[in-house]
Ligand code: NAD
């Protein structure tokens, strides 16, 4: 047997061990070659009468992250080519057979007649977990890094290697659907209690335990291949089934608003598959898989959430000539809401932190926030008290700027006031070394303006975290006019160290994310003023694919902040720069009604103690007119809410704020939850087609005004039939 990705040996007891170890890769992935080799191993085990069974394990720290998504992308391209050359039917036939090969090989393993056991440690996800599920026995290690799961849904796919069928036959249907819909990574103990794995053992024991199971006469027949097998929830068409399926449908609608074809396919695949014997169930799953692989949602989500995000995390935008920085100590000035969060994530990544505020009490208060966060992790079983001690030991709270002296990077998060910031910049620069990089976490002040207060503007950069820092994965890195490559590289290295995803943007008011978010919130305010019922505005946002409605989002970021920004913008740019009706609405809410948002439990919503939030009934009194919901076009409301953001994103490209479409797409999903099924704000346009998008925007402009005006760069794409990604590729070539 000629194997490149596995080592194969048989011990004296006659148990084979296939150790998966893809050469030259840090993580095992499923490629065409790996699938061929798994089949060859199955054939070899069956053919040799001396072999009793086989254990599959990994030669690396992790088992495997699953299928190579670029391989799946390749299948799509092959399909397009064959369709052009030979027509749709042969192309589809080829595509179907190629896309179900994994499923067929796993089924061959499962029905080969000899027992297979999986010995798993570390990450085992997607297709790799489907391989484990097709083994007759599964032993996982109790290593803290061990996780199993089927996360395909997160990139718009669904498990096509038998996952939907096997999981649905292992556990109650409701639990199986939840697992498949959520795509969560599951810890060993939980996996055992869910019935996904048979044994949990020490890392060094998993192979021995798996072998022992085979030697003890482990059965080579999967439960569902035993005659008279009954699924845990019984038959689909039964009184119990009727308790499951109608609500499952409703939950699907509630959670996805029918935006995710992969989620619908999961539902259909489980529903249909459970009514069939395993082989036919797998065929049904394969049909849905082939269909889903060809959806624009899968293409968009794979591109943005897997490929582009991976590239940005690996430093796609890092200046190549700057040697890697070795950050050891980071200063954080301003221990308020943001500074405290920044100190926590920095110390959590193993760096030393000096946290400075105006008084020791204020600095200690910021450090106490880190204490509270890590205690929360301990309570959830995700950290140990020793981790807390170590983390807190890395944070020095101080009121003395001199303590910043030997920091490699200093990030300021003081009040959003240019004068305060200028003072802080001068005080910090007076004590830090000549090579130290200075970063501002400002959310609204242009970096080039702040850098004027710096004596070394080439070492000045924006590192814009989002709140809450410990949860939000995106960081905008802002290049001021004078920002040099070393400052940019240091910022990128730092963001990578704290395990966030960076996008690099050029300096402009609102940078990237807040501009698009602002447009979304403004549209919600506009609808309110027009007389659209508030609940309908919120539902339109969620139906369009946003995580929360615009009014709810405004409550989270605070209404007074919005008013403050509106006033500051007006003062600097003149009255035309703000929307008068929006300003009037915010003045009424903030200044007259004292409604600031979630922070004072009064905003567009009320936040009663111990009960879910609900829209404030007084909103209707603020509406000059009230429209009859039955006369409103919900499709148009949804379009308005996405189109207005996508147009803003397109403008940032036209203005040179965004220079790489991957960053707008990743930034829009991670930064403000832009409808993930679209692949992000620019992919939304690209996949719709610039021409159709422009026609849509023009219709909205005619009805709702110039905020829907199409920028020139987008109009040019519509005229040439181009895309944002196509343009970027041309520039890079
Ligand atoms: P905050 O008011 O909670 O904290 C500011 C802290 O800075 C306070 O603890 C204050 O004592 C301290 N401070 C003020 N002057 C100082 C000085 N001279 N020296 C040392 N410390 C000083 O504010 P915040 O919400 O944390 O915002 C801080 C910065 O982060 C602002 O620039 C803001 O625009 C930006 N930001 C805020 C958010 C957000 O959602 N709040 C999001 C992204 C960025």
inquiry  = When you check residue 132 against the structure, is it touching a strand residue (DSSP E or B) at 6+ places or on another chain (Cβ under 6 Å) and outside any strand (DSSP E or B), yes or no?
reply    = yes
query = Does segment 399-418 hold any residues that are touching a helix residue (DSSP H, G or I) at 6+ places or on another chain (Cβ under 9 Å) and surrounded by fewer than 21 Cβ atoms within 10 Å (Cβ to Cβ), and which are they?
reply = 399, 400, 401, 415, 416, 418
ask   = Among the residues of segment 324-354, which ones are away from the ligand (no atom under 15 Å from the Cβ), in a strand (DSSP E or B) and farther than 21 Å from residue 423 by Cα?
value = 329, 352
ask   = Can you pull out the helices (runs of 4 or more DSSP H) entirely within segment 355-439 that have at least 1 residues that are farther than 27 Å from residue 187 by Cβ and more than 16 Å from the ligand (Cβ to nearest atom)?
value = 385-393
ask   = Just one of 581, 544 is in contact (Cβ under 8 Å) with a residue 40 or more places away in the chain and surrounded by 20 or more Cβ atoms within 10 Å (Cβ to Cβ); which is it?
value = 544
request  = Might you check whether a residue that is free of Cβ contacts under 8 Å to residues at least 60 places away in the same chain and part of a helix (DSSP H, G or I) occurs anywhere in segment 521-533?
outcome  = yes
ask   = Would you say residue 256 is within 31 Å of the chain's Cα centre (by Cα) and more than 27 Å from residue 303 (Cβ to Cβ)?
value = no
remark   = Considering segment 65-99, residues that are more than 27 Å from the chain's Cα centre (by Cα) and closer than 30 Å to residue 223 by Cα, and then whichever is surrounded by the fewest Cβ atoms within 10 Å (Cβ to Cβ), we arrive at 97
ask   = When you look at residue 258, is it at positive phi, assigned to a loop (DSSP other than H, G, I, E, B) and not assigned by TED's automatic domain parsing to the domain that holds residue 546, yes or no?
value = yes
query = Which residue out of 115, 144 is free of Cβ contacts under 8 Å to residues at least 12 places away in the same chain and over 30 Å from residue 299 (Cα atoms)?
reply = 144
ask   = Hey, among 679, 667, which residue is within 23 Å of residue 259 (Cα to Cα), touching a strand residue (DSSP E or B) at 6+ places or on another chain (Cβ under 6 Å) and surrounded by 15 or more Cβ atoms within 10 Å (Cβ to Cβ)?
value = 667
query = Among the residues of segment 459-481, is there at least one that is modelled with pLDDT of 95 or more, assigned to a helix (DSSP H, G or I), surrounded by fewer than 21 Cβ atoms within 10 Å (Cβ to Cβ) and not assigned by TED's automatic domain parsing to the domain that holds residue 656?
reply = no
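Per-residue answers, yes or no, for (1) at pLDDT 95 or above; (2) on the phi > 0 side of the Ramachandran plot; (3) surrounded by fewer than 22 Cβ atoms within 10 Å (Cβ to Cβ); (4) over 32 Å from the mean Cα position of the chain (by Cα):
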site: 131; (1), (2), (3), (4): yes, no, no, no
site: 135; (1), (2), (3), (4): yes, no, no, no
site: 147; (1), (2), (3), (4): yes, no, no, no
site: 168; (1), (2), (3), (4): yes, no, no, no
site: 197; (1), (2), (3), (4): yes, no, no, no
site: 202; (1), (2), (3), (4): yes, no, yes, no
site: 227; (1), (2), (3), (4): no, no, yes, yes
ask   = So which helices (runs of 4 or more DSSP H) stay within segment 612-706 end to end and still have 2 or more residues that are closer than 17 Å to residue 722 by Cα?
value = 634-654, 661-672, 681-688, 690-704
request  = Please go through segment 38-83 and pick out each residue that is over 19 Å from residue 155 (Cβ atoms) and at pLDDT below 95.
outcome  = 78, 80, 81, 82, 83
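The values are calculated or read from the model by the stated rules, or taken from the named source; none is laboratory data. Owing to the predicted nature of the structure, the values given are computational and were not obtained by experimental measurement. Using ideal geometry, Cβ is built from the backbone for each residue, glycine included, and neighbour counts are taken over all protein chains shown.
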